[in-house]
Each structure stands twice: as C-alpha cells, then as structure tokens.
Amino acid sequence: MDHVATAGHHAHEEILPFWRKYLFSQDHKTIGIQYGLTSLVFLLFGFTLMMLMRWQLAYPGQPIPFVGQWFGEANAPGGVMVPEFYNQLGAMHGTIMVFLGVVPLAVGAFGNYIIPLQIGAPDMAFPKLNAASYWSYFTGGVVMLSSFFVPGGAANSGWTSYAPLSTIATQGQTWWLLGMIFLITSSLLGSVNIIVTIIQLRAKGMNFMRFPFFVWAQLVTSFLLLLAFPPLEAAGVMQLMDRVVGTSFFMPSGLVVAGQPLTNSGGGSPVLWQHLFWFLAHPEVYVLILPAMGIVAEVIANNTRKPLWGYKSIVYATIFLGFMSFIVWAHHMFLTGMGTTISAFFQTTTMIISIPSVVILTALVLSLYGGSIRFTTPMLFATAFLPMFGIGGLTGLPLGLAPTDIHLHDTYYVIGHFHYVVAPGTIFALFAGIYHWFPKVTGHRMNESLGKIHFWGSLVSINFIFMPMFIQGLAGVSRRLYDGGQQYAHAQGVLYLNQVMSIAAWTLFVFQLPFIFNFFWSIWKGEKSSDNPWDATTLEWQTPTPPGHGNFLIEPVVYRTPYEYSVPNASKDFTPQTEPEKA
Amino acid sequence: MQIPYTVAPRQDTGLFNAKLGIWLFLASEVMLFGALFSSLVLLRTGAPEWPHGWDHLDWKLATFNTIVLISSSVTMVMAWASLMMKDFSKFRIYLGGTILLALLFLVVKYFEYTHEFHLGIFPSTSAFFAVYFTMTGLHGLHILGGIIVNGYLWGPGARMWKTDPARFTNRIEIAGLYWHFVDLVWIFLFPVLYLL
C-alpha cells in the first residue's frame, strides 16, 4: 500500500455513516476499543457484585447500606441478602470476571488493537468475522445480565456449574448456558482470526523471532482458546440437554432431591462435567495470564531501556506452557477421589508446568537488572505484577499436590491463590497496558499523578483483600460460607479478617475512581502525545496517532529484533524495528 | 486498504488466509466432537450395561445415509474440480447435487427420528439414547449449516465467479473442506452408534 492509496482511503472513511464507522465497524482498532470499553464495564460490574458479597461476609444479617432496598423482597428482604441471592452473586462474579471481563479485555481489546500494529498488518485477516466476534460477545453478555431478571434469578451453582447441582438449579442456569454458547462462539471466531493474522499478515522481514513477546503470548493464547473451549461447548450442550429435554449425561442414578427421588433415567456422571469443564478452565488460566505477561514484557523492555533478558527462552517457555496446559486439568479435581494413579499423573504434569512459568517470570525479573528504569505509571503496574504473580504462582504449588490440596482445596486459601494470579497479577498488567498504549489509541497521555494515586492505592488495598485469605484458608475456613464463618468452629479465631478484607475491597473501589476519571478526562483533555511518546522500538509506534484505517502510511519493513534499546554506538537509546542495519 | 493473501497464497506459508482459517476452525470442531466421543466412552465404560445400536436403531437407513453423504463429498470435489477447469455449468450441477444429497440425508434422518419417537424412544430414555440424539442432532445441525453455505455459494454467492473467479474457487475449496469434515464425523458416528 502506498501513501496515495491510504490517503484516498482516508477520504473514503469520511463518508461512512456513524453506525458503520463506530457501531458495526470492521476496523480492528474500533473493534478493539469496543471490546475494551465493554469489558471494562463488565469488570466494574463484576467487582460491584463482589462488594455486595463482601458486606454479607463482614456483617452477616445486617441490611446492606444505601443500596439494600434496590434488590427487591425476593433477593434482599429488608435489605438483608438471602443465601440464594448470595449464590447468584458468587456465580456471576466468577463468570463475569473471567469470561466477560478479563479475557475480552486481554485478548479481544489488546489483541485486536495491538497485534496487527505490532506485526505491521493493515487489519485483521477477517474483518467481518472480527465484528461478528465482538457482537457475539456482546450478545452473550446481554444474555448473562438478563438472567438476573428471570424467575429464581441468575445462575447460582458457582462459575464452575458443577452437576448435578446445576442441572436441578433454577432457570437462570439455562440462560447461563446459552450465554456461554455465545461467548464460546465469539472466542472461536476471535482466536481463528488472531492466529491467521499473526501467521499470514506479518510485514516483510517480520519473522517469528522478531515478534514482540506480546504477539507470541497472544498466539499461544489463541491456540488455547481455539482448542480448549470446544469441550466446554460440548459439555454445555449436554447440560442443556439434561436441563431441557431430561437426559442424564451428568445425572447419576438414584438421586434424591428434597426427599423426592428424581425420575430421570440416570446413568450419567457428575465427574464427567468436571473433566470437561476443567479441560477448558485450566488452559483458561493461561489465557488469563499469558497476554498479561505479554503486556508486562513490552512495558518492562521499554521502561528499562534494554532488551528483554532471554527473549528466546521466554518464547520457548511460552510454547511449552501452552502444550502442557492441556494435560494438567484434573489437579482441580483431587477431591473427587479419582484414584492415585491419575492423581500421580496430574501432580507430575502440574509440577512440570510450573517450570516454564518460573522461566518467564525469572527472565522478566532479570530484565530489570542493570536497566535505567523509568518509573512511569505503566512501569509501576508492570513491576508490581512480578511479585504479585509470584505470590499467586508459588501459593499454587501446594494446591498442585494432592496431600496438601485435600486440606486446602475447599478453603479461602484457593480464593487467595488464584486472585493473586488474576487480580494484582493479570488486572495490574492490563492496567499497565492501558496506561502504556493509551497515547497511541487516543493521541493523549493519561495523567501521571492520578495514575500514581491509582497504582499505590490499588496495590496496598488489594493486598489487604487477598493476603488475609491465606490466613483464613490455612485456619481451615470454607470458601462456600454465606455468613463468612460465623457458625463455623474453625473460623472463630480469624473472623475479624472478614472486616479487614471487606473494607480493603471498598477502599480498592475508591482508588479506581481516579482511574475512571483519568481515563475519560485524558481522552479529551490529556497532554497531547507524539507518535512515539515512550521512545519505543516496536512497530505500533511507527504509525500515525491514532492510526487511520489501514494503519501504516508506508508499508513497514522489519530489519531488527523487537527490543533494540541502548544499542552501543547508536545515535539514540532506541532503534526501531524498521530501521535498516547500516552496511 | 487491501488485506493481503485473501486470494493468492503467501510465499513462505503456502496458504491463503481462509485456508489456514478453515483448518483452524476444523481443529476446534475436532475438539468439539472429540469431547462428545470421549464422553460416550466414559459413560459407556461406566455403565453396567449398554445396548447394541442395531437392536434399537435402523442400521439399514443409516447405511443408506452413509452412502448418501459419501456421494455428496464426491460431488463436492467434482464441483471444485469443475471450477478449476473453468466449467461453471458443471460446477452448478455438482454443487446442486451436493445440496440435494445433503437434504436427502436430513429427510432420512427425520424419518429415523420420528420412527423412534413413535416407539416411545426419546433422549431421556437412557444414557445411550441421550448420546445418540445429542451427537446425531449436533451433526445434523452441521449438515444444515453446510446446506446453507453451499446454497449461498450455488445461488447469490456464485456471482463472484464473474468478478473474481480465483477467489470464488477458493471459497468452494473452503466449503468443501468443511463438508468433508462433516462427512468424516458421520463416518465415525455411524459405526460407533449403530454397529457397536
């Protein structure tokens, strides 16, 4: 594409009506922004559900202040949350955070917006599929939200929807399944699109070892989404059959519910659901974490002004991680009593998969060594990711071994473990990404002071939420208690922590307000940004700001590896990938 | 703005975009049906007794249907081959044949289902019939999807032959790959459900 053709296209772009340009756009950048805004709203919504639950856990039986009367007599008579409503909030918090919040933000938004720019492509390979993917995601989200208003409320069998509880649950579960089918379709379309784009639309000279690590992370992530989600779709179809036409895929024989024997044929297997669910949901953990590692790698290389330490080992570790993630799923199921041989297999694979994770994290930590670090807001978030993810990862090891897992599995320890991975881990990395790429997307920088308030407030309060969970969990507090453990013998010594955690959760919300304000204020009023405000080397910073339809003014040609910072004898401390080698 | 490699293959990968796309899609389909087959294995090995398909299902109709689907795969290849030889009218005949054979498959399946319903056999009857109806039903939906795509390419979609014949030929190839996959699923379903 030459300069004139692009300019011609800009003229064409002007005449698109509003709804074509912003609503049903096929431009990867607009779709990325749509994904980003929608998923941020869902993140806030999922967080709100949790803030309500935290009230019940800290002050069980007391009316929820301010908003208690909004939920109706069925859910919260007199403002006091009933257990059924608590279960809905719990199930939907998990579902929304994972499937509607973090993954769409990490893959749908960042993947869509950044990948074509970083590999030097004019757009995604299939723009129409890309739009279809977003609208399928949106529909799935609407279905999920609508389920709060059906009789019996939303799904209330946990985000894992274990059978047979989910099979006999209220109507909301059927809506959950339908919503999931839309979300799985969206992820299928998105992952095919991302893989094809990365493999086919690379710019001239962009061979695989010149990819920014972010692109590698997204490539492996997309393969996980592509291959791990269909078994959950199959399981969803089977559970739908169980619920709607009365089959017994997951229903054992002779089940008695509320004193009444069920009339279904039986012969099904509840553990089968767990296998199919975790066959998705373990790779899903890496879907949550790999894009985050990709963002952190970009931000760290840029802000330490030196190449990533061990780029190749990170890449190979990521590929290995992707393969291994398909054969560790049953470590979520040690409590099912599936036999020592199978347990031994999954314990071994789980110990093996921790190795590539440690390789990646170690390489990122070593990348800091000897750098002249700029502590910008994105860098603060990326740096904090390292120890936070480290805590999340290391606390996972006892859960990967059956003897310790059997003690810890149903306690708050597990909640603390995976939230360290996903909340101060992945979500911090996503914040880093937002602050990092915001200038490219909007042409304005976000305010640094507000960013630092957001960062320090979030870092402190989030640790006060999740660290006490380890203490409660080790004390043996069950993670499925509606009253936070008031009537639970093991919990008495650590009950006071409920209030600490709840107050920390609400404080965390308060510290998101500067971010929300900063985000919208900076779109219009933020300091104007140049095309390459961070002096970065990768291709996305070689585009106009914000990039027009078709992205690049001249077709980019790549001559270098992604992170050529502080090259000896170079005229400046960064050498863009497009800069030819001197003869 | 033009997206590269929509028609001509990229030199280093040897693929045009949609071809890689359809293979990835089929990989995910393998995982979908793979999960169902695995569930069948798990339920069957865990069951105290499991009926033989031929005792309850009409294996003769299913054999006929197998032949119908394999024939439709042959006509699908011929449709693509006709386009490669620039013979559009033959392409119309072969692709039309594929669509009619696919419809015939569904009609036969409809008679099978209604016959079973008349005998009082439903998905809720037993684990075996739950598997049978779910898997053949999902496969039937894939057949229906194929009919819609092929119908579009036979009718309004065929206008592309005038404007961009290379791209249209690619599309038929892609649709064909999908169709062969759907056929292949049946070739696994037939013995597993009717003959074991």
Could you tell me whether B:GLN2 is surrounded by fewer than 15 Cβ atoms within 10 Å (Cβ to Cβ), within 23 Å of A:ASP123 (Cβ to Cβ) and within 10 Å of chain A (Cβ to nearest Cβ)?
yes
Exactly one of A:ILE300, A:ILE352 is aliphatic (A, V, I, L, M) and surrounded by fewer than 24 Cβ atoms within 10 Å (Cβ to Cβ), and that residue is A:ILE352
Exactly one of A:SER248, A:SER253 is buried (at least 24 other Cβ atoms within 10 Å of the Cβ), among the hydroxyl-bearing types (Ser, Thr, Tyr), within 11 Å of another protein chain (Cβ to nearest Cβ) and part of a loop (DSSP other than H, G, I, E, B), and that one is A:SER248
Check: Based on what the data block shows, is A:GLN472 touching a residue at least 24 places away in the same chain (Cβ under 8 Å), in a loop (DSSP other than H, G, I, E, B) and closer than 26 Å to A:THR160 by Cβ?
Finding: no
Of the conditions (1) touching a residue at least 60 places away in the same chain (Cβ under 8 Å); (2) out of contact with any Ser or Thr (no Cβ under 8 Å at 6 or more places or on another chain); (3) within 21 Å of A:PHE250 (Cα to Cα); (4) hydrophobic (A, V, I, L, M, F, W, C), the single one that B:TRP54 does not satisfy is (3)
The lone condition A:ILE181 fails out of (1) crowded, with 24+ Cβ neighbours inside 10 Å; (2) away from chain B (no Cβ under 11 Å); (3) farther than 23 Å from A:ILE554 by Cα is (1)
For the stretch A:122-137, the count of residues that are away from chain B (no Cβ under 14 Å) and surrounded by fewer than 18 Cβ atoms within 10 Å (Cβ to Cβ) equals 1
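Among the residues of the stretch A:527-552, write down those that are among the β-branched types (Val, Ile, Thr) and farther than 10 Å from A:GLY120 by Cα.
Scanning the stretch A:527-552 gives A:THR537, A:THR545.
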The condition from (1) touching a helix residue (DSSP H, G or I) at 6+ places or on another chain (Cβ under 6 Å); (2) crowded, with 20+ Cβ neighbours inside 10 Å; (3) away from every other protein chain (no Cβ under 14 Å) that A:GLN173 misses is numbered (1)
Selection from the stretch B:8-48 of residues among the polar types (S, T, N, Q), part of a loop (DSSP other than H, G, I, E, B) and either touching a residue at least 60 places away in the same chain (Cβ under 8 Å) or more than 8 Å from chain A (Cβ to nearest Cβ) (or both) yields B:GLN11
Test for A:TYR162: is it farther than 30 Å from A:ALA74 by Cβ and either outside any helix (DSSP H, G or I) or more than 14 Å from chain B (Cβ to nearest Cβ) (or both)
no
Taking first residues from the stretch A:371-385 that are within 18 Å of A:LEU361 (Cβ to Cβ) and second residues anywhere that are of a type in the set (Phe, Trp, Tyr) and in a loop (DSSP other than H, G, I, E, B), the pairs with Cβ under 8 Å that are 6 or more apart or on different chains are A:THR383/A:PHE375
When every residue in the stretch A:302-333 that is in a helix (DSSP H, G or I) and of a type in the set (A, V, I, L, M) is compared, the one nearest to A:PRO398 (Cα to Cα) is A:ALA330
* Kindly indicate whether any position in the stretch A:192-201 is within 14 Å of chain B (Cβ to nearest Cβ), aliphatic (A, V, I, L, M) and either under 22 Å from A:ALA330 (Cα atoms) or outside any helix (DSSP H, G or I) (or both). => yes
Notebook entry, point to check: When you look at A:ASN302, is it more than 10 Å from every other protein chain (Cβ to nearest Cβ) and either farther than 26 Å from A:GLN542 by Cα or touching a residue at least 40 places away in the same chain (Cβ under 8 Å) (or both), yes or no?
Noted result: yes
For the structure I just gave you, tell me whether A:ALA384 is of a type in the set (Gly, Ala, Ser), loosely packed, with under 14 Cβ neighbours inside 10 Å and in a helix (DSSP H, G or I). no
Does at least one position in the stretch A:211-229 carry a residue that is in contact with a Phe, Trp or Tyr (Cβ under 8 Å, 6 or more places away or on another chain), at pLDDT below 95 and farther than 27 Å from B:MET1 by Cβ? no
Screening B:TRP59, B:TRP50, B:TRP23 for residues that are closer than 24 Å to B:VAL149 by Cα and of a type outside the set (Gly, Ala, Ser) leaves only B:TRP23
Here, helices (runs of 4 or more DSSP H) confined to the stretch A:43-128 with at least 3 residues that are touching a residue at least 60 places away in the same chain (Cβ under 8 Å) and either touching a helix residue (DSSP H, G or I) at 6+ places or on another chain (Cβ under 9 Å) or not small (Gly, Ala, Ser) (or both) are A:83-95, A:112-119
Checked the stretch A:406-434 for anything surrounded by fewer than 24 Cβ atoms within 10 Å (Cβ to Cβ), more than 30 Å from A:GLY111 (Cβ to Cβ) and not hydrophobic (A, V, I, L, M, F, W, C); matches are A:HIS407, A:HIS409, A:ASP410, A:THR411
Does A:ASP535 qualify as being under 26 Å from A:SER372 (Cα atoms) and either in contact with a Ser or Thr (Cβ under 9 Å, 6 or more places away or on another chain) or in a helix (DSSP H, G or I) (or both)?
-> no
Selection over the stretch A:262-299 where residues are within 14 Å of chain B (Cβ to nearest Cβ), more than 14 Å from A:ALA228 (Cβ to Cβ) and outside any loop (DSSP other than H, G, I, E, B) yields a count of 5
- Query: Within the stretch B:103-126, can one find any residue that is among the aliphatic types (A, V, I, L, M) and within 14 Å of chain A (Cβ to nearest Cβ)?
  - Reply: yes
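The values are calculated or read from the model by the stated rules, or taken from the named source; none is laboratory data. These numbers were taken from a predicted model, which means no experiment stands behind them. Note that each Cβ is placed from the backbone with ideal geometry, even for glycine, and that neighbours are counted across all protein chains shown.
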